[in-house]
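Visitor: Quick one: the structure is below, questions incoming.
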Amino acid sequence: MKLEGFKALIFDLDGTLVDSMPLHVAAWQQTAPEYGLVVDGEWIHQYGGVPSRKIAAMLAAAQGVTLDCEAVARCKTAYYVAMIGQAVPFPAMLQLVQSMAGQLPMAIGTGSLRSNAEIILQQSGLGRYIQTLVAADDVTEHKPEPHTFLLAAQRLGVVPEQCLVFEDTLIGRQAAHAAGMKCVMVVDGEPDWNSLA
């Protein structure tokens, strides 16, 4: 592991620490027909970290549909919450978090709602290792904007340049770089240390 020089770790949640992206995709696939939308699972996956209401707005614009995006997001969230118990940590990422406990402060920077993130952190046991959580509710500008990660660094009391981010999407990586942070990509639940940049 290449952690020399870093003073804090910040993790995305869905698709990075826990295998929950398939649940988000499934929730969108259940929601879409109710609102006359068509969704592609790969497209949804690449926007992991973007709040549901913003994804609804993107889909509506792309497909020429007028929507109450808040209502769509509530529907999608309800489907997701019904499945949230299936979200489990990736073994390699759980091991990483456990090995860093007590050595470096750690935060979550997620585009999920706080209530959903807290459920996952509690049921997975990850919450005991995490010092702070920055969720969609905490910022107005979401990934790929840097605000989520900047707020996490601020709450940890560490300057952005000394934070290392773990992400599974290019949007998340963009957010980390915009915050002045290095990023490691997580691929299929494993940190790709060669991607550190």
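The values are calculated or read from the model by the stated rules, or taken from the named source; none is laboratory data. Predicted model only: the values in this text are computed from it and were never measured. Every residue, glycine among them, receives a Cβ derived from its backbone with ideal geometry; neighbour counts consider all protein chains shown. These area figures cover heavy atoms from the full protein model, side chains too; ligands, DNA and RNA do not enter into them. Shrake-Rupley method; radii C 1.70, N 1.55, O 1.52, S 1.80 Å.
Visitor: Taking the chain as a Gaussian network, where each spring joins two C-alpha atoms under 10 Å apart, which residue of G125, G180, G64 fluctuates the most?
Guide: Residue with maximal mean-square fluctuation among G125, G180, G64: G64.
Visitor: At 1.567 mPa s and 4 °C, plugging the Kirkwood radius over alpha-carbon pairs of the chain into Stokes-Einstein gives what diffusion coefficient in µm²/s?
Guide: In µm²/s, the coefficient rounds to 77.
Visitor: Round to the nearest 0.05 the FRET efficiency obtained for Q63 and E141 when R0 = 25 Å and r is the Cβ-Cβ distance.
Guide: Rounded to the nearest 0.05, the efficiency is 0.55.
Visitor: Counting only the heavy atoms of the protein chains, how much of L170 is accessible to a 1.4 Å probe, in Å² to the nearest 10?
Guide: Approximately 120 Å² of L170 is accessible to the 1.4 Å probe.
Visitor: R0 = 45 Å: FRET efficiency of W193 with V81, Cβ-based, nearest 0.05?
Guide: That gives a FRET efficiency of 0.85.
Visitor: Roughly what angle does helix 52-63 make with the longest principal axis of the chain, taking Cα atoms, 0 to 90 degrees, to the nearest 10?
Guide: Result, in degrees: 50.
Visitor: Share of the chain's accessible area from carbon and sulfur, percent, 1.4 Å?
Guide: Carbon and sulfur together cover 52 percent of it.
Visitor: Compare K182, K54, K143 in a GNM of the chain, Cα atoms joined below 10 Å, and give the one with the largest fluctuation.
Guide: Result for the chain, Cα springs under 10 Å: K54 fluctuates most.
Visitor: Over the chain, what is the relative contact order in percent, taking alpha-carbon pairs closer than 8 angstrom and at least six residues apart?
Guide: Once normalised by length, the contact order is 28 percent.
Visitor: To continue, here is another question. Please list 3J(HN,Hα) in residue order for region 149-166, calculated via the Karplus relation 6.51 cos²θ - 1.76 cosθ + 1.60 where θ = phi - 60°; whole Hz, with x for glycine and proline.
Guide: Whole-Hz 3J(HN,Hα) from phi for region 149-166: 6, 5, 5, 4, 4, 4, 5, 7, x, 10, 5, x, 5, 9, 9, 10, 9, 10.
Visitor: Here's another thing I want to ask about it. So if I take the alpha carbon set of region 46-111, get Rg, then get Rh from the Kirkwood formula, what is the Rg over Rh ratio?
Guide: 1.14
Visitor: On the principal axes of its Cα set, how long, how wide and how thick is region 1-104? Give whole Å, largest value first.
Guide: Cα spread of region 1-104 along its principal axes, largest to smallest: 49, 27, 21 Å.
Visitor: What residues qualify as long-range amide H neighbours of L133, i.e. H under 5 Å apart, gap of 5 or more or another chain, H built at 1.01 Å from N?
Guide: Answer set, sorted by chain and number: I108.
Visitor: Would region 71-171 count as rounded, prolate or oblate if I go by the C-alpha gyration tensor, calling it rounded below 1.5 in a/c and otherwise prolate when a/b exceeds b/c, oblate otherwise?
Guide: oblate
Visitor: Given a 1.4 angstrom probe, what's the average accessible area per residue across the chain, in square angstrom?
Guide: Value returned for the chain: 44 Å² of accessible area per residue.
Visitor: Can you tell which of T132, T31, T140 shows the greatest fluctuation in a Gaussian network model of the chain with Cα springs below 10 Å?
Guide: Comparing T132, T31, T140 in a Gaussian network model of the chain, the most mobile one is T140.
Visitor: Taking a spot 7 Å from the Cα of Q95 along the direction of its beta carbon, which residues of region 162-190 have an amide N less than 20 Å from it?
Guide: Inside the label zone: 166-168, 184-190.
Visitor: Could you sort 19-26, 79-86, 93-100 so that the peptide with the highest average Cβ count within 10 Å comes first and the rest follow in order?
Guide: Ranked from most to least packed, the peptides come out as 19-26, 93-100, 79-86.
Visitor: If the chain between Q103 and A178 were fully stretched, how many nm would it gain, using 0.36 nm times the residue separation less the Cα-Cα distance?
Guide: Extra length available between Q103 and A178 comes to 24.4 nm.
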